[in-house]
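J.: This is the structure, below, for whatever I ask next.
The values are calculated or read from the model by the stated rules, or taken from the named source; none is laboratory data. These numbers come from a predicted model, not from an experiment. Neighbour counts are summed over all protein chains in view; Cβ atoms, including those assigned to glycine, are modelled from backbone coordinates with ideal geometry. Quick note on the areas: whole protein, heavy atoms, side chains included, nothing else; ligands and nucleic acids left out. Shrake-Rupley method; radii C 1.70, N 1.55, O 1.52, S 1.80 Å.
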Amino acid sequence: MTVELPEGASLGMMQAPLTWVFSHTGKFVGKIAVEVQGGNGFLLIKKGEVLAYWFRYGGMVLRGKAAREYLLSQEVVDLTLCRYTGEEFSTAQEWCEEHGVPIAGAVSAPTVPDEPPVQARMQPVPAAPGLDVGIQMVGRCGAGGLEVLAGRRPDDLDEQALCSAFGIACDLADVLGIGEVSDFTLETRSGTFLVTDEDDGILCLITTPDVPFGRIRSLLQRR
């Protein structure tokens, strides 16, 4: 996944515990890029308040509380402070909203149907049979393998890898000490996979890359 946040004006790099951010950014507005243990991510800061956390480690993406807890568990992290203008900060917030990154203090808007980005509305991706635009497949991985509940199986889908992904994510979460995994997303060149644990198997959605993250989660929660 490519993070397309504004670069901002770099104020330098340092190594420190994440708690340093909470007490030394009272006048800072911008992004703090973070790197630790081979992973990377960012914090969105507005005058001492961290509004958003995002962190990627290998194929796992952590957002919000999960990213915060993992970064707090590290003794030190590499920090790069990048100051934003008002316009750059707004652009960064929009990216977070489009990619399902929780923003602290955000006011919930009235419930309306999700819409794809402008580009997707101009050039809609064909929908799989019985599904919304951009949703390729809904399936369940159980003892007998993958069962397609709606849509169709992508030609290049590695069924074995998909069915074992949840177990791999749980093992990695245990190694990282970030707690129990209930669901996760895996973003690849061919699309986005959202996987969640259920009593009767592992439920998964497969979408094209241009489907907003918020729509994926809302569709999963309705099933």
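J.: Mind checking the log10 I(q)/I(0) for the range 9-99 at q = 0.12, 0.22, 0.23 Å⁻¹? Debye, one equal scatterer per Cα, no solvent, two decimals.
T.: Debye intensities relative to I(0), on a log10 scale: -0.32, -1.14, -1.25.
J.: Also: Using only protein heavy atoms and a 1.4 Å probe, report how much of Thr192 is accessible, in Å² to the nearest 10.
T.: 10
J.: For the range 1-86, which GluC sites (Glu not before Pro) are both in a DSSP coil and crowded by at most 14 other Cβ atoms within 10 Å?
T.: In loop regions of the range 1-86 (DSSP not H, G, I, E or B), the sparsely surrounded GluC sites (Glu not before Pro) are Glu4, Glu7, Glu75.
J.: Which of rounded, prolate or oblate describes the range 29-77 when judged by the alpha-carbon gyration tensor and an a/c cut-off of 1.5?
T.: Numbers: a/c = 1.76, a/b = 1.61, b/c = 1.10.
Since a/c reaches 1.5 and a/b is larger than b/c, the shape of the range 29-77 is classed as prolate.
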